[in-house]
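Quick notes on the structure that follows.
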Amino acid sequence: MAVTRLSDVIVPAEFTAYQVENSLVSTALVQSGVVAQNAAIEAQLQAGAESFTVPFWSDLPDVEADITNDDPAILSTPQKITANKQVVRKSFLHASWSEMSLASELSGSSALARIQDRVSAYWDRQMEKRLIATLMGVLASNVANNNSDMVVDISGLSGVQEGTDLPASLFNGNSVIDTALTMGDRLSDVKMIAMHSHIYGWALKNNEITFFKPSENDVEIATYKGMGVILDDSLTPANGIYTTILMGPGAVGYGTAEPRTGFGTELARVAAAGNGGGQSVLHSRMNVAVHPLGYAWNDAAGTANAVAGESPSIADVANAAHWTRAVSQRKSVPLAFLISK
């Protein structure tokens, strides 16, 4: 007699492939192009080690060119190009969910079927939390190590905005421009602005949000001063202070992969649980890396900020101690932060 079993409902190999393919895809930051899926990161996630290095060439030094002459004894001194590296940290993640057979029997529907439908959404939320935490870690590192040259903080200002009776500490267009200008003559690289819905609502009420359709059949796109708006409540305020992030395309790279050994999806049946009623457990595992362009990760080994486990937690990636700017110029990092009320 044919019997439908748990493994017939969820085929592990297919289920894992689906999770890997869809993680982060539905989030606003990925859809905007600011966060880009990186093939090199994904390939390294299948290799050994906790981290890997991505070397890159620094730009040519900005030294004045030689003034030529006709003296054969005067030789020019060649300049040199230097290399640097970005260190990318891997995270090895796991989550599991269970159902008691009797509970599903009494409810008339399968809890495990619902779990199956929501696992992809769960990993989306986890990845977005890691992404936002990573950006907060870069912000904190910039304040601690680079004299806040990527940050405009108006949250503590007193008085009013010029020409208005509004508090100077409130989000405003002039401060957004000042934030973009932290990139100097590269401010045109800024294409997107990520903001909390409260900030978006404030801008909307002040008629600062404009909408356009790329073509007749497209959905309207919200823009702020020519930048596409990414609406994301993961940018949660702290004590009434909001962080708004200006970004260029590919500012963050990410990769996801199933574990090289073991199983990305695993199903377990505990027959004796519930005094014999039975329990089903779905395990889901994911290797991930989220990395900001121009930065290097360090585990802060031997310090109070050292990563405690085999992988960094969300709190770890938000910690300034783990991020060091690897590029020599601020302009090479397509990120800027506005802190406001």
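The values are calculated or read from the model by the stated rules, or taken from the named source; none is laboratory data. Only a predicted model underlies this, so the values are computations on that prediction, with no experimental measurement involved. FYI the Cβ positions are ideal-geometry reconstructions off the backbone, even for glycines, and counts take in every protein chain you see.
Quick one: which residue in G201, G277, G255 is farther than 23 Å from V119 by Cα and either assigned to a loop (DSSP other than H, G, I, E, B) or touching a residue at least 40 places away in the same chain (Cβ under 8 Å) (or both)? First the steps, then the outcome.
Values: G201 fails: either assigned to a loop (DSSP other than H, G, I, E, B) or touching a residue at least 40 places away in the same chain (Cβ under 8 Å) (or both); G255 fails: farther than 23 Å from V119 by Cα.
Being farther than 23 Å from V119 by Cα and either assigned to a loop (DSSP other than H, G, I, E, B) or touching a residue at least 40 places away in the same chain (Cβ under 8 Å) (or both) holds for just one of G201, G277, G255, which is G277.
Is region 210-221 home to any residue that is crowded, with 21+ Cβ neighbours inside 10 Å, part of a loop (DSSP other than H, G, I, E, B), out of contact with any Cys (no Cβ under 9 Å at 6 or more places or on another chain) and hydrophobic (A, V, I, L, M, F, W, C)? Walk me through it before giving the result.
Residues of region 210-221 crowded, with 21+ Cβ neighbours inside 10 Å: none.
No, there is no match, as no residue in region 210-221 is crowded, with 21+ Cβ neighbours inside 10 Å, part of a loop (DSSP other than H, G, I, E, B), out of contact with any Cys (no Cβ under 9 Å at 6 or more places or on another chain) and hydrophobic (A, V, I, L, M, F, W, C).
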Subject >> Sole exception among (1) over 23 Å from the mean Cα position of the chain (by Cα); (2) modelled with pLDDT of 80 or more; (3) farther than 30 Å from F92 by Cα for Y242, by number >> reply: (1)
**OP:** Tell me, yes or no, whether region 96-119 has at least one residue that is at pLDDT 85 or above, in a helix (DSSP H, G or I) and either in contact with a strand residue (DSSP E or B) (Cβ under 8 Å, 6 or more places away or on another chain) or surrounded by fewer than 14 Cβ atoms within 10 Å (Cβ to Cβ) (or both).
**Re:** no
**OP:** Return only the number of the condition from (1) in contact with a Phe, Trp or Tyr (Cβ under 6 Å, 6 or more places away or on another chain); (2) in a loop (DSSP other than H, G, I, E, B); (3) farther than 30 Å from E99 by Cα that V290 does not satisfy.
**Re:** (2)
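Just the residues that are part of a loop (DSSP other than H, G, I, E, B) and either surrounded by fewer than 15 Cβ atoms within 10 Å (Cβ to Cβ) or of a type in the set (A, V, I, L, M, F, W, C) (or both), please, taken from region 293-304.
Initial filter on region 293-304 (part of a loop (DSSP other than H, G, I, E, B)): 293-294, 298-304.
Within region 293-304, L293, A300, A301, G302, T303, A304 qualify.
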Subject >> Candidates T179, T210, T223, T265, filtered to the one that is closer than 26 Å to A140 by Cβ, hydroxyl-bearing (S, T, Y) and at pLDDT 80 or above >> reply: T179
Subject >> Candidate set from region 120-139 (those that are crowded, with 20+ Cβ neighbours inside 10 Å and more than 11 Å from the chain's Cα centre (by Cα)); member that is modelled with the lowest pLDDT >> reply: W123
**OP:** Identify all residues within region 313-327 that are within 13 Å of L139 (Cβ to Cβ), aliphatic (A, V, I, L, M) and not in a helix (DSSP H, G or I); write none if there are none.
**Re:** A318
Original post:
Cβ-Cβ below 8 Å, separation at least six or inter-chain, first residue in region 151-163 and on the phi > 0 side of the Ramachandran plot, second assigned to a strand (DSSP E or B): which pairs?
Top reply: G159/P167
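Residue-by-condition table, conditions (1) β-branched (V, I, T); (2) farther than 26 Å from Y122 by Cβ:
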position	(1), (2)
D233	no, no
N239	no, yes
T244	yes, yes
A251	no, no
F263	no, no
A289	no, no
D299	no, yes
I314	yes, no
V317	yes, no
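Criterion first (over 24 Å from the mean Cα position of the chain (by Cα), loosely packed, with under 15 Cβ neighbours inside 10 Å and not in a strand (DSSP E or B)) does S158 satisfy it? Outline the logic, then answer.
Values: over 24 Å from the mean Cα position of the chain (by Cα): yes; loosely packed, with under 15 Cβ neighbours inside 10 Å: yes; not in a strand (DSSP E or B): yes.
When the stated conditions are applied, S158 passes them.
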